[in-house]
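One structure follows; several queries about it will come next.
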Amino acid sequence: MMLVDCLTDGFLAAVAAVGFAAISRPTKRIAVMAGLLAAAGHMSRFLLLQAHVGIASASLCAGLIISFCSMPIARRCHTPAEMFVFPALLPMIPGMFAYKAILATLKFLNTAGTTQGEAVLVSVVYNGLTAFFIMCALAIGAILPLLLFHREAPLGRTLHRLSQNSKTV
């Protein structure tokens, strides 16, 4: 049953990513690759959540997987990796946590100074910080590999130079 849930999660993430990618009018190949990356990232996050890893940590791992997998695909398609990464990350945006934080904030404004207001404030802080940390984890997971290992990055240039030297030897 968990396999079906994981595959369903990946399929729905792929559909959402293709929809988000369609905004920038990509080629079919780019849209399909963004969908596959979204499915891989979302399924990995789903499996990590099932293994009782925190949602922010699972989102970081999913962002890293999407970013690392996008680099060879981007080289093969002669397309910037960002064309694949950002649509693939969008289905993991913590909309429900942000919505609950805003809703609790509005409730807090009506119940401030009461004992119920304290419980609502806890909900504001919990949901707001959860949304914030998930967004930070997704951003770090997506950007860090691109900054470190892209061919134009200092580390990427060094690695590319070393791979070229090993081919000539």
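The values are calculated or read from the model by the stated rules, or taken from the named source; none is laboratory data. Since the model is a prediction, treat every value here as computed from it, not as a measurement. Cβ: placed from backbone, ideal geometry, glycine included. Neighbour counts: every protein chain shown. Side chains are part of the model used for accessible areas, which takes the heavy atoms of the whole protein and leaves out ligands, DNA and RNA. Shrake-Rupley method; radii C 1.70, N 1.55, O 1.52, S 1.80 Å.
Of all residues being open to solvent by less than 40 Å² (accessible area, probe 1.4 Å) and small (Gly, Ala, Ser) in region 122-153, which is modelled with the lowest pLDDT? Just the residue, please.
Let us first name the residues in region 122-153 that are open to solvent by less than 40 Å² (accessible area, probe 1.4 Å), namely 124, 127-128, 130-131, 134, 137-138, 141-142, 145-146, 153.
Within this subset, residues satisfying the condition of being small (Gly, Ala, Ser) are 128, 131, 137, 141-142, 153.
Numbers: GLY128: 94, ALA131: 95, ALA137: 95, GLY141: 93, ALA142: 90, ALA153: 68.
Across region 122-153, the extreme among qualifying residues is ALA153.
Residues are listed down the side, and each one gets a yes or a no for (1) within 25 Å of the chain's Cα centre (by Cα); (2) of a type in the set (A, V, I, L, M, F, W, C); (3) assigned to a loop (DSSP other than H, G, I, E, B):
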position: ILE65; (1), (2), (3): yes, yes, no
position: ARG76; (1), (2), (3): yes, no, no
position: THR79; (1), (2), (3): yes, no, yes
position: VAL85; (1), (2), (3): yes, yes, no
position: ALA98; (1), (2), (3): yes, yes, no
position: ALA119; (1), (2), (3): no, yes, no
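Quick test for you: out of ILE102, ILE93, pick the one residue that is within 15 Å of ILE66 (Cα to Cα) and either hydroxyl-bearing (Ser, Thr, Tyr) or out of contact with any His (no Cβ under 9 Å at 6 or more places or on another chain) (or both).
Only one candidate qualifies: ILE93.
Another one. Between residues in region 80-109 that are surrounded by 14 or more Cβ atoms within 10 Å (Cβ to Cβ) and residues that are charged (D, E, K, R) and part of a helix (DSSP H, G or I), which pairs lie under 9 Å by C-beta distance while being six or more apart or on different chains?
Here the result reads ALA81/ARG75; MET92/ARG45, each pair linking region 80-109 to a residue that is charged (D, E, K, R) and part of a helix (DSSP H, G or I).
May I ask you to verify whether ARG29 is within 17 Å of the chain's Cα centre (by Cα) and either among the basic types (Lys, Arg) or not in a helix (DSSP H, G or I) (or both)?
So ARG29 does not fit the description; no.
Can I ask one more? Looking only at region 35-48, decide whether some residue is at pLDDT below 95, open to solvent by 50 Å² or more (accessible area, probe 1.4 Å) and within 19 Å of LEU144 (Cα to Cα).
No, that holds for no residue.
Can I ask one more? May I ask you to say which residue of GLY113, GLY117, GLY156 is at pLDDT below 85, surrounded by fewer than 18 Cβ atoms within 10 Å (Cβ to Cβ) and at positive phi?
GLY113
Here is a list of conditions, (1) under 26 Å from LEU12 (Cα atoms); (2) in contact with a Leu (Cβ under 8 Å, 6 or more places away or on another chain), and PHE108 meets all of them except one; can you say which number that is?
(1)
Same structure again: Would you mind telling me which numbered condition in (1) farther than 21 Å from MET135 by Cβ; (2) not in a helix (DSSP H, G or I) VAL53 fails?
Only one criterion is unmet by VAL53, namely (1).
Does ALA17 fit the bill of being out of contact with any Lys or Arg (no Cβ under 7 Å at 6 or more places or on another chain), in contact (Cβ under 8 Å) with a residue 60 or more places away in the chain and assigned to a helix (DSSP H, G or I)?
yes
Checking ALA51 against (1) modelled with pLDDT of 90 or more; (2) touching a helix residue (DSSP H, G or I) at 6+ places or on another chain (Cβ under 7 Å), which single condition isn't satisfied?
All conditions are met except number (2).
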